[in-house]
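A.B. asks: Just dropping this structure here.
The values are calculated or read from the model by the stated rules, or taken from the named source; none is laboratory data. All values derive from a computational prediction rather than experimental measurement. Positions of Cβ are generated from backbone atoms using ideal geometry, with glycine treated the same way; all protein chains shown enter the neighbour counts. These area figures cover heavy atoms from the full protein model, side chains too; ligands, DNA and RNA do not enter into them. Shrake-Rupley method; radii C 1.70, N 1.55, O 1.52, S 1.80 Å.
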Amino acid sequence: MTVDSPGGRSHLGFSEAVVAKIVSSDELLERVGVRPRSDVLVMCHGTFDLVHPGHLRHLAFAKSRGDRLVVSLTADAHVTKANMRPYVPEELRALNLAALELVDYVVVDSNPEPLSLITQVEPDIFVKGFEYSESLPPQTMKEMESVSTYGGRMIFSPGDFVLSSSAVIENDPPRLGLEKLLTLMQVEGIGFADLRAALSDLDQLAVTIVGDIIVDSLTTATVIGGYRKTPTPSVRVEDHERFVGGAGIVAKHMAATGAKVTLISIVGDDDLGRFALDDLSTAGVNCEVRILVERPTTHKNAVLADGYRMLRIDTVENKSIDHELLSQMAKCLHDQASNAVVFSDFRHGIFNKSTIPTFLEAVPEGAFTVADSQVASRWGNILDFAGCDMVTPNEEEVRFALGDQDSVIRPLGSALYDQAGCRILMLKLGPRGLMTFRASIVHEDRRSFFSVDALARDVIVDPVGSGDALLAYATLCQVATGNEVIASILGSIAAGLECEFEGNVPVTPDLVVGRIDELEKASDFQ
């Protein structure tokens, strides 16, 4: 782990002495030597997601049984105990343990079990928690056998104080979003200046979006009573606003960055369709939009009464577009000079299993392809877009695509990543942020997945539409930088900013830069 700040301090405030305790298995063996040793080497192993009093008692007991204490950590890739775990990434978990005076060395074990590390280092004593002592689990039996083969001992810490990380995390999770962000940036060699620089070239990009235009309405009302015979409330309308949504708001987010944006879509020959086209044109979007007499513009009207979303009234025609219109739209896509092509699928007639292959074949050569298939009210399968460079589903969409309602997030995302054949999977997790999966073959030590916590401020006005902002900024920044970490961070920032608006409002680069400035200022106190 690098130290990038003067005065012997790391970026996260840890000293060089602390960072130096974090070693590889080979480095550890060089430092402790081989058996027989003149001193007693003790080893503990675990996840240590949050270091709490139970852990401290366990580690103190272990250190009291020898001279030097090694703590090995289960790497993030092998933590599958519960959903969204580990809560703290491995780099920060390692730092937290290394900061403890009683810990001499910390190793992040890249294997799912510590057996190889035990065999390589041969600790004199291997300490397990009290909970493993009564009925030895199969894994503990394997560890005991490994220790005994070279004459070592396994002992168990006392059981007078037991407290699990899971209990703390599930009942009252600490807010570590900034610390986890800074750790990720440090490990990946990214600074806040890199985030700002990524935004500076977005106006040089050309993007084509294919997808469903939706007009979202918000009817604000006050409850004034109800009928006695039925539970039907009576409301008085106070206001009514219309916003362009669906693929349209993705296009507006992108156009707000200065990028050249072309939107290929359909609307009805009605007032809502004309409203959408005027609004998109005003936002600077080039509209290659077919006006269809036989179908209405997709309209979703939410009724907000006394602060609660009481009802949504949809006007939709989900019948698939015909072959002639499909051919016209595909040709229009093929003729565009595009750095990126985004398929924004809400399943309102443009995309289905029959039309998607035609659109994929029409992508201009060399364009970066992105697919976002939403299941808010229709069932689209993100795997229909297999082969795209990047896909951005949420958890529900992944579970639907895989038919898996039980797996925890990390293996769930890994399974979809493999089946989708994509380069990048950004798995949107709502208030929990996102988890990005990528290939790990470029650098052997590069993480194949990482998470970014939600970077929204405390005040959430309307989270609906945050995924569209993430899609827009993550796509543009990925094309501009080729760096999925920068794209994930800036996409998360844009999503957080969108939560501060009621309805669909484009997020501008100056808002994103302002949020970057806030995060950097806050990091100065870390």
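A.B. asks: Whenever you get a sec, compute what percent of the accessible area on the range 348-401 sits on carbon and sulfur atoms (1.4 Å probe).
C.D. replies: Details: 920 of 1980 Å².
For the range 348-401, the apolar C and S fraction of the accessible surface comes to 46 percent.
A.B. asks: Ignoring ligands, DNA and RNA, how do 143, 90, 131 rank by accessible area with a 1.4 Å probe, largest first? Please list the in-between numbers first.
C.D. replies: Details: 143 5, 90 25, 131 120 Å².
Descending accessible area places them as 131, 90, 143.
A.B. asks: Given a 1.4 Å probe and the protein chains all in place, what does the accessible area of residue 353 round to, in Å² to the nearest 10?
C.D. replies: 150 Å²
A.B. asks: Between 0 and 90 degrees, rounded to the nearest ten: what's the tilt of helix 466-481 against the longest Cα principal axis of the chain?
C.D. replies: 70 degrees
A.B. asks: Students often forget the sequence filter, so: which lysines lie under 23 Å Cα-Cα from residue 521 once same-chain residues fewer than 8 apart are removed?
C.D. replies: 180
A.B. asks: Just need the relative contact order of the chain here, percent rounded to a whole number, with Cα pairs under 8 Å and 6+ apart. Can you show the working numbers first?
C.D. replies: Numbers: 1014 pairs, mean separation 60.9, N = 526.
Reported relative contact order: 12 percent.
A.B. asks: Just need log10 I(q)/I(0) for the chain at q = 0.12 Å⁻¹, Debye formula, equal scatterers on the alpha-carbon atoms, no solvent, rounded to two decimals.
C.D. replies: -1.09
A.B. asks: Then there is this: List the residues, sorted by chain then number, that are 5 or more residues from residue 311 or on another chain and whose placed amide H is less than 5 Å from its amide H.
C.D. replies: Here 303 satisfy the definition.
A.B. asks: Once amide H atoms are built 1.01 Å from N in the peptide plane, which residues 5 or more positions from residue 79, or in another chain, come under 5 Å H to H?
C.D. replies: Residues meeting the criterion, in which the H sits 1.01 Å from N, do not exist here.
A.B. asks: Residue separation times 0.36 nm, minus the C-alpha to C-alpha distance between residue 365 and residue 237: what's the value?
C.D. replies: Details: separation 128, 0.36 × 128 = 46.08 nm, distance 5.06 nm.
Gain on stretching residue 365 to residue 237: 41.0 nm.
A.B. asks: With both bridge residues required to lie in the range 392-526, what share of the DSSP beta bridges run antiparallel, to the nearest 5%? Please report the intermediate quantities before stating the final value.
C.D. replies: Details: 9 of 10 bridges.
If I count the DSSP bridges inside the range 392-526, around 90 percent turn out antiparallel.
A.B. asks: Further question on the same structure: Ranked by accessible surface with a 1.4 Å probe, highest first, in what order do 78, 253 come?
C.D. replies: Values: 78 65, 253 0 Å².
Largest to smallest exposure gives the sequence 78, 253.
A.B. asks: Right, another one. Which ³J(HN,Hα) values, rounded to whole Hz and listed in residue order, are derived for the range 277-293 from phi using the Karplus coefficients 6.51, -1.76 and 1.60 in 6.51 cos²θ - 1.76 cosθ + 1.60 with θ = phi - 60°, glycine and proline given as x?
C.D. replies: 5, 5, 5, 5, 4, 4, 7, x, 8, 7, 9, 9, 10, 8, 9, 10, 6
A.B. asks: On to the next question. Karplus couplings for the range 507-513 from phi (6.51 cos²θ - 1.76 cosθ + 1.60, θ = phi - 60°), rounded to Hz, Gly and Pro as x?
C.D. replies: So the J values, rounded to whole Hz, are 8, 9, x, 5, 5, 5, 4.
A.B. asks: Looking only at the chain, where both bridge partners belong to it, what percent of the DSSP beta bridges are antiparallel (to the nearest 5)?
C.D. replies: Values: 31 of 85 bridges.
Bridges in the chain that DSSP calls antiparallel: roughly 35 percent.
A.B. asks: If you don't mind, another one. Would you calculate, for the chain, the mean residue ellipticity at 222 nm contributed by helices, counting each DSSP H stretch of 4 or more residues as -39,500 (n - 2.57) and dividing by all residues, to the nearest 500? Mind dumping the intermediate values first?
C.D. replies: Numbers: 18 runs with 186 residues, N = 526.
My calculation for the chain gives -10500 deg cm²/dmol from helical runs alone.
A.B. asks: So how exposed is residue 130, as accessible area in Å² (1.4 Å probe, rounded to 10)?
C.D. replies: Answer for residue 130: close to 80 Å² accessible.
A.B. asks: Over 29 Å between Cα atoms, which of 142/428; 300/428; 81/300; 81/128 qualify? Intermediate values should be presented prior to the final figure.
C.D. replies: Working: 142/428 38 Å; 300/428 23 Å; 81/300 40 Å; 81/128 18 Å.
Violating the 29 Å Cα-Cα cut-off are 142/428; 81/300.
A.B. asks: Right, something else. With every protein chain present, what accessible area does residue 100 have (1.4 Å probe, heavy atoms only), rounded to the nearest 10 Å²?
C.D. replies: Roughly 40 Å² of residue 100 is accessible to a 1.4 Å probe.
A.B. asks: Rounded to the nearest 0.05, what FRET efficiency do residue 448 and residue 153 give with R0 = 35 Å and r taken as the Cβ-Cβ distance? Could you check? Working shown, then result.
C.D. replies: On the way: r = 36 Å, r/R0 = 1.03.
After rounding, the FRET efficiency stands at 0.45.
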